[in-house]
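Undergrad: Dumping the structure here so I can ask a few things about it.
The values are calculated or read from the model by the stated rules, or taken from the named source; none is laboratory data. This one's a predicted model, so the numbers in the text were calculated from it and none came from an experiment. So basically every Cβ, Gly included, is an ideal-geometry build from the backbone, and we count neighbours across all protein chains shown.
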């Protein structure tokens, strides 16, 4: 299993570090129990909390089982933070650093859940099924290799209530309703799974750049777990500085026995992609140059003049992009050599 | 090798929208000033964008009279934005402008990308009159838009004929509406509002609890005090004698 | 297993044929088809795996007995045993009725408290009539009820498990709705039905399960062993004096919000019914008639707040406070019955005198009139009013009586005084 919980930023949630730590521990134990007690349900293709239980046979059962698991996690987290709040009255530091209105909320509330608020994201698998669930933001990606090409997916449905810096949370009064999940028991398992807190997707977006980042992580993993851990610790710090400025947590599930093989495949894919992109840029540059040359000999209207200006700017950008791709090509070639040698020594 | 090479880290995006009323009553010095002011503020926004390592500011402009029209079919970087002079004629289809804005405040076929790695947009509405179409239903559509909900929204009311209630409904508060009474004030306020919204809008928000909307409102209200012929619509009305309006 | 297809014909025991039009839905036991029966559209429940002969016999008996009340979508005709199975015909479920489960998941909501109370009343009435005719339901759960959200009208489905009291249908229901003794292995009967009824009513009013709280949720996966414990041997009400099983923030949001807002008499009724003592003494469980009394007394205190226009229960008629706007509200008056029953009146409140779901009085505002609040007769019969000076007036359907202290109002056999 892999679990990430991200404590909310903001003064109001001044114990969200504790809240997220407790939540991860509770979730891990709850998942362990769930797997042991037979939480699975056989033969289902990938389905999600957005599907209609009445039209997907078996989903009603799965939905009930998973919702029970989530309910149990919420209930146990409530108890854990209440215990923590009781055993740990406001500290000197909290009293001086946290706005009065927030420690008043902590003191007066029937339950101190806001103070400990955090998100939750988890993936787990047994030999017969896998499931992933989430409340709040952060992105969970699965990777499958299809004919040597990486196919990324985000199988847990997104919740539009998580928007910009707003997120749903374990501390919401309707937390149970806000859990989203996916479930699959047809024995198709993802090659790798990545869970990243919102600090990452606020840096890379949730598209190709984020996928490139995780491909790079897979390349590091192929060199061995320790090296990958080291790279994550040092580079995430730097990425955060340059990107979202937010803290970042990443959890990954992978199969070490195929890591090097996958690294070679990923590099082959990236090289092919690089070639295709250069080809398309090549023809774009040619088209733009032809257009600019043609327009140069004609005196046009105001809007044609503006259009020409933009064409020129586009041309500069296209040329820059092409040069970058050429540099990238060199790097990819070097890397691929490295991983091929690694693969050969392993054999 | 490492996690950092191969790909550069993109800057977060913030889009600044201008919604410009170019109905017939804007003809003459008003629309001229708007053209002049926006054209001049674009390079400044470009600078703010270039100097900000975290965010890139893009600009989009929608003009509306009887019909609506986007100046470009995609947002452009401030420094790259070539202003096209807007000419005034026709009615004030603000409701239609709301619908049009709603379409573009979207990821599919719109101007926005993934909310991950984005800042909320800033929207500046300029108008000198009241809507002549079904504004209510247009605004109702827009108000359900998540981007619009989280956007910084400021309106500039040009002259005494501007419908303050409508502008208040659009921005959500009277504090976000600035009244201008002369050409000079109009130009200055466009510049102040565009710059302030860009600066605050493209800043990481976790540092403070106060909403960006409130911060912009406070700063421009403060700045308006130094601009003759401009004031926050929420401020008490100036006495009659002082109320010189060259558009009377 | 034999599914039917469009155009297939099945033979009924009365010699008539039903023609399959299309499938309407399917569940664990069987498929429901739309059928044409001599030009009339009906529903056929067709078993995927034919239950035993005893089951067939029981259906036959129920059909000849007929429906206990109009709350049931009762089996009306039986098919012959053919095509490897059999089934029965019932009326189609009309449009606009939604499964009770939809209300629990907040996908549907009642239009008003009035509608919610109507639904509760209708369910009680149905079970009252069912038990009166010597039958018990046996398999009561949230999938059996279909409710119209605006009127609160109820249809009870899946009546094929209904058996004479004490006989075991052999089909096990959902443990969540079973009486603890049935979870423990006893055959279901009218007493266990009464437990299930109380659970259903609780869920209707409060939107969560009465026995699922923090203690039950300590376990992340509900197994049969745990079910036997939490719904059987160690069952514990979430608002029991023993606080170990309280509702959980973030999960049981409905009951956490509604429990404090609902009248104390309702809280007390459930506290008593779900107390350790009554849980272990099936014959002491509240009978349907008494539940109807509880619902009626809730109705008597349900009024529309003249200030905010929302419905509110008034727990103290001496100091009536609206539970929505929190303000003191003006009661226009009340109807007082000899036995101490009091019905509170405000403009736009609907009054139910008896325990059916037909309104009897509409309290209407008549602005500008000497009596600005009046009671309109919305029954089909005349009322009789006696004034303080002894004059007798007859009030026809549609006509009004002013809310004036001292008037004596007779509706049917009941004699009220307006105060």
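Undergrad: Anything in segment A:134-189 that is away from chain C (no Cβ under 14 Å), outside any loop (DSSP other than H, G, I, E, B) and free of Cβ contacts under 8 Å to residues at least 12 places away in the same chain? List them, or say none.
TA: A:146, A:151, A:163, A:166
Undergrad: Of the numbered conditions (1) within 13 Å of another protein chain (Cβ to nearest Cβ); (2) over 30 Å from residue A:20 (Cα atoms); (3) not in a helix (DSSP H, G or I), residue A:245 fails exactly one; give the number of that condition.
TA: The one condition residue A:245 does not meet is (2).
Undergrad: Another one. Having 2 or more residues that are without any contact (Cβ under 8 Å) to a residue 24 or more places away in the chain and within 27 Å of the chain's Cα centre (by Cα) is the bar; report the helices (runs of 4 or more DSSP H) wholly within segment C:180-246 that clear it.
TA: Numbers: elements: C:180-183, C:190-206, C:214-217, C:224-228.
Output list is empty.
Let's see how each residue does on (1) closer than 14 Å to residue B:100 by Cα; (2) surrounded by fewer than 20 Cβ atoms within 10 Å (Cβ to Cβ):
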residue	(1), (2)
B:137	yes, yes
B:144	yes, yes
B:153	no, no
B:159	no, no
B:164	no, yes
B:175	no, no
B:182	no, no
B:188	no, no
B:191	no, yes
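Undergrad: From the list B:227, B:195, B:166, B:216, pick out the single residue that is at pLDDT 90 or above, touching a strand residue (DSSP E or B) at 6+ places or on another chain (Cβ under 6 Å) and either under 20 Å from residue B:18 (Cβ atoms) or outside any helix (DSSP H, G or I) (or both).
TA: On the way: B:227 fails: touching a strand residue (DSSP E or B) at 6+ places or on another chain (Cβ under 6 Å); B:195 fails: touching a strand residue (DSSP E or B) at 6+ places or on another chain (Cβ under 6 Å); B:166 fails: touching a strand residue (DSSP E or B) at 6+ places or on another chain (Cβ under 6 Å).
Selected residue: B:216, the only one of B:227, B:195, B:166, B:216 that is at pLDDT 90 or above, touching a strand residue (DSSP E or B) at 6+ places or on another chain (Cβ under 6 Å) and either under 20 Å from residue B:18 (Cβ atoms) or outside any helix (DSSP H, G or I) (or both).
Undergrad: Restricting to segment A:155-166, give me the number of residues that are touching a strand residue (DSSP E or B) at 6+ places or on another chain (Cβ under 9 Å) and buried (at least 17 other Cβ atoms within 10 Å of the Cβ). Before the answer, list the steps.
TA: We begin by selecting, within segment A:155-166, every residue touching a strand residue (DSSP E or B) at 6+ places or on another chain (Cβ under 9 Å); these are A:155-159, A:164.
In the following step, the residues that additionally are buried (at least 17 other Cβ atoms within 10 Å of the Cβ) were identified as A:155-156, A:159, A:164.
Number satisfying all stated conditions: 4.
Undergrad: Test residue C:198 against the criterion of being more than 14 Å from chain A (Cβ to nearest Cβ), surrounded by 18 or more Cβ atoms within 10 Å (Cβ to Cβ) and over 22 Å from residue A:171 (Cα atoms), and give yes or no.
TA: Here the answer is yes, as residue C:198 does meet what is asked.
Undergrad: Further, regarding this structure: Is at least one residue of segment B:10-27 under 30 Å from residue A:326 (Cβ atoms), buried (at least 17 other Cβ atoms within 10 Å of the Cβ) and either without any contact (Cβ under 8 Å) to a residue 12 or more places away in the chain or under 16 Å from the mean Cα position of the chain (by Cα) (or both)?
TA: Checking segment B:10-27: not a single residue is under 30 Å from residue A:326 (Cβ atoms), buried (at least 17 other Cβ atoms within 10 Å of the Cβ) and either without any contact (Cβ under 8 Å) to a residue 12 or more places away in the chain or under 16 Å from the mean Cα position of the chain (by Cα) (or both).
Undergrad: Filter segment A:40-89 down to residues that are within 30 Å of residue A:111 (Cα to Cα) and either assigned to a helix (DSSP H, G or I) or within 13 Å of another protein chain (Cβ to nearest Cβ) (or both), then give me how many there are. Give the steps one after another, and end with the answer.
TA: Just the residues of segment A:40-89 that are within 30 Å of residue A:111 (Cα to Cα), to begin with: A:49, A:63-89.
Filter once more, keeping what is either assigned to a helix (DSSP H, G or I) or within 13 Å of another protein chain (Cβ to nearest Cβ) (or both): A:49, A:63-87.
So the answer is 26.
Undergrad: To continue, here is another question. Consider segment C:259-284. How many of its residues are surrounded by 21 or more Cβ atoms within 10 Å (Cβ to Cβ) and in a loop (DSSP other than H, G, I, E, B)?
TA: So the answer is 1.
Undergrad: Within the set of pairs 6+ apart or on separate chains, which have a first residue in segment C:140-162 that is free of Cβ contacts under 8 Å to residues at least 40 places away in the same chain, a second that is crowded, with 19+ Cβ neighbours inside 10 Å and in a strand (DSSP E or B), and C-beta atoms under 9 Å apart?
TA: What qualifies is C:158/C:45.
Undergrad: Among the residues that make up segment B:43-58, is at least one of them surrounded by fewer than 16 Cβ atoms within 10 Å (Cβ to Cβ), touching a residue at least 60 places away in the same chain (Cβ under 8 Å) and more than 13 Å from every other protein chain (Cβ to nearest Cβ)?
TA: Checked segment B:43-58: at least one residue is surrounded by fewer than 16 Cβ atoms within 10 Å (Cβ to Cβ), touching a residue at least 60 places away in the same chain (Cβ under 8 Å) and more than 13 Å from every other protein chain (Cβ to nearest Cβ).
Undergrad: Would you confirm, using the coordinates I've provided, whether residue A:219 is within 10 Å of chain B (Cβ to nearest Cβ), crowded, with 21+ Cβ neighbours inside 10 Å, more than 12 Å from the chain's Cα centre (by Cα) and farther than 24 Å from residue B:12 by Cα?
TA: Against the criterion (within 10 Å of chain B (Cβ to nearest Cβ), crowded, with 21+ Cβ neighbours inside 10 Å, more than 12 Å from the chain's Cα centre (by Cα) and farther than 24 Å from residue B:12 by Cα), residue A:219 qualifies.
Undergrad: Looking only at segment A:101-114, filter to residues that are touching a helix residue (DSSP H, G or I) at 6+ places or on another chain (Cβ under 7 Å) and over 11 Å from residue A:82 (Cβ atoms); which one of those is surrounded by the fewest Cβ atoms within 10 Å (Cβ to Cβ)?
TA: If we take residues in segment A:101-114 being touching a helix residue (DSSP H, G or I) at 6+ places or on another chain (Cβ under 7 Å) and over 11 Å from residue A:82 (Cβ atoms), then A:105 is surrounded by the fewest Cβ atoms within 10 Å (Cβ to Cβ).
Undergrad: So is residue A:51 over 26 Å from residue A:254 (Cβ atoms), surrounded by 16 or more Cβ atoms within 10 Å (Cβ to Cβ), out of contact with any strand residue (DSSP E or B) (no Cβ under 9 Å at 6 or more places or on another chain) and modelled with pLDDT of 90 or more or not?
TA: For residue A:51, the condition - over 26 Å from residue A:254 (Cβ atoms), surrounded by 16 or more Cβ atoms within 10 Å (Cβ to Cβ), out of contact with any strand residue (DSSP E or B) (no Cβ under 9 Å at 6 or more places or on another chain) and modelled with pLDDT of 90 or more - is met.
Undergrad: Sort out which residues of segment B:107-121 are in contact with a strand residue (DSSP E or B) (Cβ under 9 Å, 6 or more places away or on another chain) and more than 13 Å from chain A (Cβ to nearest Cβ), and write them in order of number.
TA: The answer is B:111, and nothing else.
Undergrad: Please name all residue pairs, on different chains or six or more residues apart, with Cβ atoms under 6 Å, provided the first residue is in segment B:199-215 and is farther than 20 Å from residue B:15 by Cβ and the second residue is in a loop (DSSP other than H, G, I, E, B) and at pLDDT 85 or above.
TA: B:206/A:9
Undergrad: For residue C:171, state whether it is modelled with pLDDT of 90 or more and either in contact with a strand residue (DSSP E or B) (Cβ under 9 Å, 6 or more places away or on another chain) or surrounded by fewer than 20 Cβ atoms within 10 Å (Cβ to Cβ) (or both).
TA: Judged against the criteria, residue C:171 is not a match.
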